[in-house]
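One structure below.
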């Protein structure tokens, strides 16, 4: 099974104390069963996400209301940011494997995002655009090396748990960031500038935690054998010749093409339920809260029952959310149900997919493999956003969502067949 732990090489048995720690229930048992590297990386992501989401929470209003940028201009800027981040993932993954030091490349990405934060204090669209593009570049550089570090720090049978814990800590930062921005705007005289300044300081703290507490991220403790092929772009893209990774890549792209973006989903929910516009900014927090609560349990479940089942169940939950928005009565409970399913979708897929990729990619190309699949999925979702926006403008929101739901059902069925266990050793 391509999304199951059985596809990974078997590791030696854990020492008795490690095994007993894994069996202990509750938070302490979970923390003891996860390596210090994963905890350190989770802390780095938590702190960095506080910084990023502080800016993200106020940036649309600041650009449109403060600097007079049109909504169309903001949409284009946002699209360029996400596109840059997706494409740079490939560069970050390849560099990390080539220099055989994932921490170095991840540190460059985190450091770049922290260094450009002062540019946000320049009240000029050009400087802000450059700062946002460089920040997304930093995010793209660090994503694949960071996930490779997580996968290399956990045995195959605990990869889902490691990624789940990391995503839970990352999402905690995403929740705390907007709250911090709200508090700063309420008490600081500088308003937006105060938020940007504090965000830069918090980002620098994240880089410091990485430097002090995350060990060097080399692909292996032993030197590379002299006869082993070197890491280059041909070797990275050659991973797609491996059937198991090719299937994962294809399924990630196929499902991404039918995954409606968060922003559109929240807009649909607001129109469908008549939600007060003042409550609209709280909708992402609802998704993030459910994601936070379920990320670790979903990862542990994937380790036990297989990643294929959890991954497909997450998309089934998203399909159910689409169905509720299309046909359920507009009751007060509808937003809560949709947000719960949306958060569960991310919990069941966001960490499970890189864990599955790590199980079928050799260590020396681990970051490259994760970057390939992540970039394909991100670009597919970007294409889905463009297509969904065009369909909404042409047919209306209901037919557009119905088309997306039908597409997701078909793609999930295809993925379910493609990800079945196979005896092919390639």
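Computed from the coordinates by the stated procedures, all read-outs in this text should not be read as laboratory data. These numbers were taken from a predicted model, which means no experiment stands behind them. Cβ atoms come from the backbone with ideal geometry, glycine included; neighbour counts cover every protein chain shown.
Highest mean packing first, where packing is the average number of other Cβ atoms within 10 Å per residue, the peptides 172-178, 128-134 line up as 172-178, 128-134. Put a dot 7 Å past the Cα of residue 395, heading toward its Cβ, do the same for residue 87, and the two dots end up 3.0 nm apart.
What number does the stretch 265-332 give for Rg over Rh if you use C-alpha atoms and the Kirkwood radius?
1.06
Using the empirical formula 2.2 N^0.38 Å as the baseline, the Cα radius of gyration of the stretch 36-168 reaches a ratio of 1.15. In terms of the mean number of neighbouring beta-carbon atoms within 10 Å, the peptides 252-259, 159-166, 93-100, 114-121 order highest first as 159-166, 93-100, 252-259, 114-121.
Ratio of Rg to Rh for the stretch 246-366: 1.03 [Cα atoms; Kirkwood radius as inverse mean 1/r over pairs].
Inter-part distance, the stretch 96-118 to the stretch 281-304, computed on C-alpha centroids, equals 27 Å.
Panel order for 179, 65, 54, 269, by other beta carbons found within 10 Å of each beta carbon, from fewest to most: 65, 179, 269, 54.
In terms of its alpha-carbon gyration tensor, the stretch 277-426 comes out prolate; a/c meets the 1.5 threshold, and the first ratio a/b outweighs b/c.
Sorted by packing (mean other beta-carbon atoms within 10 Å per residue), highest first, where do 209-215, 86-92 land?
Output ranking for 209-215, 86-92: 86-92, 209-215.
For the stretch 119-203, what is the convex hull (Cα atoms) projected area averaged across all directions, in square nanometres? Averaging across all directions leaves 6.5 nm² for the Cα convex hull. The calculated FRET efficiency for residue 267 paired with residue 183, based on their beta-carbon distance and R0 = 30 Å, is about 0.65.
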